[in-house]
Amino acid sequence: MTTLSLAELTALHDIRRLKAQYAFFLDTKNWEGFRRLFTDDMVGKFGEGPEITGGDRYVELAAEAAQAATTIHQFHEPILELTSATTATASWPVLAYLYFPDRSQPTTQNYGHYHERYRLTDDGWKIAYLHTTFLRTDDVTESHPIEKATISPYIATVQAAKELHI
């Protein structure tokens, strides 16, 4: 059994919190908060697409892709490893639900992983590398029609976050 120091436990906790903020800021479209999660020189990659270099560019493309969608990202227990006092890696299982109110694209449930590397900065832990891989995508448009859904809790969540300065 491995014994972890308080500093290591704190680092693991902080990285988990960073990932929770990733989902929250992305799903509530808080792009300023979302940007704070990345190093300036971060590298991102969606599936087999090209690498995206720079935190600003990554957030710009994520905002563009998510603009027309209501998204729900659920991350589950990661395989998380501290590789040094200032670096770490993780693979996060994810369920990503994407709904397009304008019906420009199908509603999908996506199952896969986020593979990440982190760096400890003066401002805390940041995502330095992110690569998404998806094992399966289900078109759930017909089984999740908009007539059966409500968006109002989403709006309430965004308002609450603004009031808490998250």
Lys pairs under 18 Å by Cα in the range 6-164, provided they are eight or more residues apart or on distinct chains
5
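Any idea what the dipole of the range 1-76 comes to, in debye rounded to 20, about its Cα centre with Lys/Arg Cβ at +1 and Asp/Glu Cβ at -1? Mind dumping the intermediate values first?
Working: 8 positive and 11 negative charges, 58 e Å.
I would put it at about 280 debye.
Based on the Cβ-Cβ distance of residue 121 and residue 79, what FRET efficiency does E = 1/(1 + (r/R0)^6) give at R0 = 35 Å, to the nearest 0.05? Write down the numbers at each step before the final one.
Values: r = 23 Å, r/R0 = 0.65.
Working from the Cβ atoms, E equals 0.95.
Quick one: if the Förster radius is 35 Å, what FRET efficiency do residue 140 and residue 7 give, using the C-beta to C-beta distance and rounding to 0.05?
Values: r = 43 Å, r/R0 = 1.23.
After rounding to 0.05, the efficiency reads 0.20.
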Dipole check, the range 6-164, charges on Cβ (K,R +1; D,E -1), about Cα centroid: among 33, 49, 137 the Cα furthest to the positive pole belongs to 33
Got a sec? Charge dipole of the range 6-164, +1 on Cβ for Lys and Arg, -1 for Asp and Glu; which of 128, 11, 110 is way out at the positive end?
11
Taking only Cα atoms, what is the 0 to 90° angle, nearest 10, from helix 152-164's long axis to the longest principal axis of the chain?
40
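So what is the relative contact order for the range 6-164, in percent, with contacts set as C-alpha pairs under 8 Å and at least six apart?
20
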Only Lys, Arg, Asp and Glu count, each charged at its Cβ (+1, +1, -1, -1), so figure out the dipole size of the range 6-164 about its Cα centre, rounded to 20 debye.
180
Between the range 1-68 and the range 99-126, what is the C-alpha centre distance in whole Å?
8
Testing the spin-label approximation: label points 7 Å from Cα along Cα→Cβ at residue 110 and residue 20. State their distance in nm.
2.4
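Every number in this text was worked out from the coordinates using simple rules, so none of it is lab data. Remember, it's a predicted structure, so these values are computed and weren't measured experimentally. Here the Cβ is made from the backbone with ideal geometry for all residues, glycine too, and neighbour counts use every protein chain on show.
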